[in-house]
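**Q** The structure follows.
The values are calculated or read from the model by the stated rules, or taken from the named source; none is laboratory data. As the structure is a computational prediction, the values presented were derived from the model and not from experiment. So basically every Cβ, Gly included, is an ideal-geometry build from the backbone, and we count neighbours across all protein chains shown. We work out accessible area using only protein heavy atoms, side chains counted, and drop any ligands, DNA or RNA first. Shrake-Rupley method; radii C 1.70, N 1.55, O 1.52, S 1.80 Å.
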Amino acid sequence: MPVLRVRDPFHRGQLAIAALFCSLGFQYATWASRIPALKDELGLSAAEVGVLLMAAGVGAAVSFPVVAALMRRLGSRRLALVSALCLALVLPALAVAPNYPVALLVMGVDGVLVGCLNVAMNAQGAALEARFERNAMARLHATFSGGSLLAALLASGTTAVTASVTAHFAAAATILLLSLVYARTGLLTAEQLPAATAGEGEKKRAGKWAVPSRVTLWMCVAMAFGTVTEGAMNDWSALYLEDVAEASAELAPLGIAVVSGMMVVARLFADGWRSRWGDGRVVLTGSALAGTGLILALLSGGPVPALLGFACVGLGIAAVTPCVYVAAAGQGSDSLTLVAAMGTTGLLAGPPLIGFIAHASSLVWGFAAVAASALVVAACSTRIRWTPAATEELSRS
């Protein structure tokens, strides 16, 4: 495979780590896009599909002890490569799963591997920033969304040619393996990684886990509620537009497009905002914008205010997870692993939580809970030790 050669070490590392982020989004969206076909092949009910999806979430949520130990033993580079390789192999394994119990097992393993790669690639991203003193994390997170988009396009193109899930997943696995070959050439090695961000410096404490600090706990809360906001918007925005805002069937899907599109755009520019204003101010301002914008949209009613409110959420919440990951990595690999586990839990727990609230009251109150989640992030941001802005460091020097 011809490898793109980049001489600048920062950009070489950035592209390699971006390949991991893109791969994770691609892998997730690939199997998610074929849930209907898997449902038919395995003869599943709607409830069984829900449990199948939950299996991945449970695997990711409970992976914290495993990931923490593997980070100390393998380091972020090797853990990223091993977990990315295994995630590529999960796709054909799921395609050939002979029955429901085996599919549940495969999805549980997928969740654990997602937890491993999520921590390892974010540790690599935080280490890249620390080594070269340049912001990159927000753009790296943008490539996750790009990977999801590529997977959707591949799924659409493949299904137009063949209905075979096995053929589709085999093609996707091949793409993931090629991406892994490229990523391997530029990931930071153990010698290049700051010990605090990579976990290698914590090998002497292997097998031990300290009680998380107060700062780490605030990060966990911020990450959980930030991903609750993100996940709920992706899953419920179309239904809100159609059932509450009374938008047309053609307009309703734009809710997801507006949120996702604004998040991608914001993450492409957020590293510049971080350099200028600092991570803390970006998170505080963004989460406050997300919460207040959505509240105003709920009070106004109608499809246009709803879309504007959704745009505020996408714009405001986009930089939360990249900034919190960087702050958590600065506290050590155990803190990063715990914060990542809370993020996965929030992302997976958010949509059903909003569903429960909507069932008990209405979808308006469900979205009010989403707005409240964003405001909780704003409150937590005042208690976290953030990386200062580049302009602040220059003024001090």
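**Q** Filter the stretch 150-187 for residues that are in contact with a Cys (Cβ under 8 Å, 6 or more places away or on another chain) and either of a type in the set (D, E, K, R) or open to solvent by less than 50 Å² (accessible area, probe 1.4 Å) (or both) and give the result.
**A** Of the stretch 150-187, the ones in contact with a Cys (Cβ under 8 Å, 6 or more places away or on another chain) are 150, 179.
Of everything in the stretch 150-187, just one residue is in contact with a Cys (Cβ under 8 Å, 6 or more places away or on another chain) and either of a type in the set (D, E, K, R) or open to solvent by less than 50 Å² (accessible area, probe 1.4 Å) (or both), namely S179.
**Q** Another question, then. Six or more apart or on different chains, Cβ atoms under 9 Å: show the pairs whose first residue is in the stretch 140-155 and closer than 24 Å to T166 by Cα and whose second is outside any helix (DSSP H, G or I) and open to solvent by less than 30 Å² (accessible area, probe 1.4 Å).
**A** Listed pairs, sorted by first residue: A155/R34.
**Q** A further question follows. What number goes with the only condition from (1) over 15 Å from G255 (Cβ atoms); (2) part of a helix (DSSP H, G or I) that Q331 does not pass?
**A** Failed condition: (2).
**Q** From the set of residues in the stretch 350-371 that are small (G, A, S) and touching a helix residue (DSSP H, G or I) at 6+ places or on another chain (Cβ under 7 Å), which is farthest from A306 (Cα to Cα)?
**A** Here is the first cut: in the stretch 350-371, the residues small (G, A, S) are 350, 355, 358, 360-362, 366, 368-369, 371.
Next, from what is left, pick out any that are touching a helix residue (DSSP H, G or I) at 6+ places or on another chain (Cβ under 7 Å): 350, 358, 366, 368-369, 371.
Numbers: G350: 19, A358: 17, G366: 14, A368: 12, A369: 15, A371: 13 Å.
That would be G350.
**Q** What residue, among those in the stretch 137-148 that are over 13 Å from G330 (Cβ atoms) and at pLDDT 90 or above, is nearest to the chain's Cα centre (by Cα)?
**A** H141
**Q** So, one more: Within the stretch 256-287, how many residues turn out to be under 23 Å from P351 (Cβ atoms) and open to solvent by 30 Å² or more (accessible area, probe 1.4 Å)?
**A** The qualifying residues number 7.
**Q** Quickly run through the stretch 357-378 and pick out the residues that are open to solvent by 60 Å² or more (accessible area, probe 1.4 Å), in a helix (DSSP H, G or I) and modelled with pLDDT of 85 or more.
**A** Residues satisfying the conditions are A360, W365, L375.
**Q** Next up: Any chance the stretch 379-394 includes a residue that's over 30 Å from P65 (Cβ atoms) and surrounded by 20 or more Cβ atoms within 10 Å (Cβ to Cβ)?
**A** Looking for residues that are over 30 Å from P65 (Cβ atoms) and surrounded by 20 or more Cβ atoms within 10 Å (Cβ to Cβ), one finds at least one in the stretch 379-394, hence yes.
**Q** Can you go through G255, G261, G286, G280 and tell me which one is touching a Leu at 6+ places or on another chain (Cβ under 6 Å), part of a helix (DSSP H, G or I) and over 15 Å from A136 (Cα atoms)?
**A** G255
This table checks each residue for (1) at positive phi; (2) buried (at least 19 other Cβ atoms within 10 Å of the Cβ); (3) more than 19 Å from the chain's Cα centre (by Cα); (4) of a type in the set (S, T, N, Q).
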position	(1), (2), (3), (4)
M219	no, yes, no, no
M223	no, yes, no, no
A232	no, yes, no, no
D235	no, no, no, no
E242	no, no, yes, no
A249	no, no, yes, no
P253	no, no, yes, no
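**Q** Continuing with the same structure: Quick check: is even one residue across the stretch 198-213 open to solvent by less than 20 Å² (accessible area, probe 1.4 Å), modelled with pLDDT under 80 and part of a loop (DSSP other than H, G, I, E, B)?
**A** yes
**Q** Also: Restricting to the stretch 119-139, what's the tally of residues that are in a helix (DSSP H, G or I) and open to solvent by 20 Å² or more (accessible area, probe 1.4 Å)?
**A** 4
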